Amino acid sequence: MSTLPNCPECNSEYTYEDGHLLVCPECAHEWSPTAAADDEQARVIRDANGNVLSDGDAVTVIKDLKVKGSSSVVKVGTKVRNIRLVDGDHDIDCKIDGIGPMSLKSEFVKKA
Ligand SMILES: [Zn+2]
């Protein structure tokens, strides 16, 4: 479980990890998390079974999911590797073989 700090430049809470750096999508600031404070409130994202998910986990889709803006469907049982947890209604960012980058809801996956 990891907790990302707010952006030190603009205090945005929508920061995300990119390799060894943290990135702010709002002002494009990048910085190293080693200096980050650890007093941020923990945000826990759980899968359909209540297991805590972390960045880099592999999950399995438990429901056919339509891909927004296309006719593709992510089938039940699709394995998704190396997820990235994000803020928002769809709280998992990932890349699915044959489909590409997309967002999932944690309630529709289970930890592989
Ligand atoms: Zn920022």
Point to revise | Segments classed as strands (runs of 3 or more DSSP E), wholly inside segment 2-92, with at least 1 members that are touching a helix residue (DSSP H, G or I) at 6+ places or on another chain (Cβ under 7 Å), at negative phi and modelled with pLDDT of 95 or more | key: 59-61
Practice item. Any residue in segment 88-112 that's surrounded by fewer than 16 Cβ atoms within 10 Å (Cβ to Cβ): show its pairings with residues that are among the aromatic types (Phe, Trp, Tyr) at Cβ separation under 9 Å, as long as the two are six or more apart or on different chains. Key: GLY88/TYR14
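The values are calculated or read from the model by the stated rules, or taken from the named source; none is laboratory data. It should be emphasised that the depicted structure is a prediction, and the values quoted were computed from it without experimental measurement. All Cβ positions, even for glycine, are placed from backbone atoms using ideal geometry, and neighbour counts span all protein chains on display.
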